[in-house]
Amino acid sequence: MPAYEGLTPDVVLDVLDSAGWRGDGRMLGLNSYENRVYQVNLEDDSVVVAKFYRPNRWSDAQVLEEHAFATELSKREIPVIAPLAAGNKTLHAFGGFRFAVFPRRGGRTPELEDEKVLEWIGRFLGRIHAVGATARFSVRPPLDIEAFGTEPRQWLLDSGMIPPDVLEAWESVSAQALQRVQDAFNLAGAVRGIRLHGDVHAGNVLWTDRGPHFVDFDDARMGPAVQDLWMMLPGDRQGAVRSLKALLDGYRRFHDFDGRELALIEPLRTLRLLHYSAWIARRWDDPAFPAAFPWFNTQRYWQDRILELREQTAAMEEEPLPLP
């Protein structure tokens, strides 16, 4: 049965009502593939965002660890969107669905070409990491080569979803790329892992006239600090150098940055690409995925991934960005 079979608008309202949030019937589905997320108007004229967790992805303990981290940051007046509590709980269950409710906070996409915007984002990332470095996740898995590279690669090889005529080429180039990732991590040495947001891109940073706020800690993990920085950088090297300086100008006001981690930017990008293909493949029985990614199981898709991994292997041979 698909993960969200039966999650109709009436069911959404019933589920929210079970925890004390009474909707007035108005709701809007928000863009999310991993979970199902709805903006819901309540009878008291307030508006909340309800997030229904995908079954079998995170355990209750792992979700609660994410909630605790976001709540800790919010209590320190760092602009993150933390879950609302009802009955002293932030994770609720009803009718076979697990869900959390968040305050609605509007905003627009940040202008990442503006160095002042990047410095502002960097300041808050530094504050998030300063808190993240004070403790460890105990049940959420780390962002490492096994979880984001070795395991998803093997899953794809075993899945039968890669067309036979490109399977050998993909197997070879992905093995080469993964070996280069391992070499880069070995060369960087014992880089410290801290609690991270884990998925800081422009879509998860909402900008207002009062500055940024960070949403969706669903991918929070232990990992190197640079994971929360590199997706803010443009693709060209000159632009990346300039943007990195602006980010770190703000970041270093609140937290130290280990320059060795700059050598992990391209390896982390490579791991994300491998993980992304496996993520789509694992969700293929969810009707939302074939509709959103109709090109996924085509020969052209995998030919493009082979080229992409070759380019990444070459990129990992280049000198890392200089530390500003």
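Just so it is clear, none of the values below were taken in a lab; they were calculated from the coordinates. All values reported here derive from a predicted model rather than from experimental measurement. Glycine also receives a Cβ, built like all others from the backbone with ideal geometry; neighbour counts cover every protein chain displayed.
Determine, for Thr109, Thr208, the number of other Cβ atoms within 10 Å of each Cβ, and report the residues in order from fewest to most.
Ascending Cβ contact count within 10 Å gives the list Thr109, Thr208.
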Give me the distance between the Cα centres of segment 14-90 and segment 268-324, rounded to whole Å. 30
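Multiplying the sequence separation of Arg76 and Asn88 by 0.36 nm and subtracting their Cα-Cα distance, what value in nm do you get?
Gain in length upon complete extension: 2.4 nm.
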With Cα Rg over 2.2 N^0.38 Å as the read-out, I listed (1) 1.03; (2) 0.95; (3) 1.15; which label goes with the value calculated from this structure? (1)
Classify segment 169-324 from the C-alpha gyration tensor, please: rounded if a/c falls under 1.5, else prolate or oblate depending on whether a/b exceeds b/c. oblate
Would you mind calculating the gained length between Asn56 and Asp165 on full extension (0.36 nm times residue separation, minus the Cα-Cα distance), in nm to one decimal? 36.0 nm
Using the Kirkwood radius over Cα pairs, work out the Stokes-Einstein diffusion coefficient for segment 252-293 at 20 °C and 1.002 mPa s, in µm²/s as a whole number. 166
Radius of gyration and Dmax for segment 137-229's Cα atoms, expressed in Å? 16.9, 53
Quick one: in segment 8-126, what % of C-alpha pairs are over 19 Å apart? 53
Distance histogram in 10 Å bins (all Cα pairs of segment 37-77, percent per bin): 24, 35, 38, 4
Run down the lysines and flag those whose C-alpha is under 25 Å from the C-alpha of Lys245, throwing out any fewer than 8 positions away in its chain. Lys116
Using a/c under 1.5 as the rounded threshold, could you call segment 58-159 rounded, prolate or oblate? The axes a ≥ b ≥ c are square roots of the C-alpha gyration tensor eigenvalues, and prolate needs a/b larger than b/c, oblate otherwise. oblate
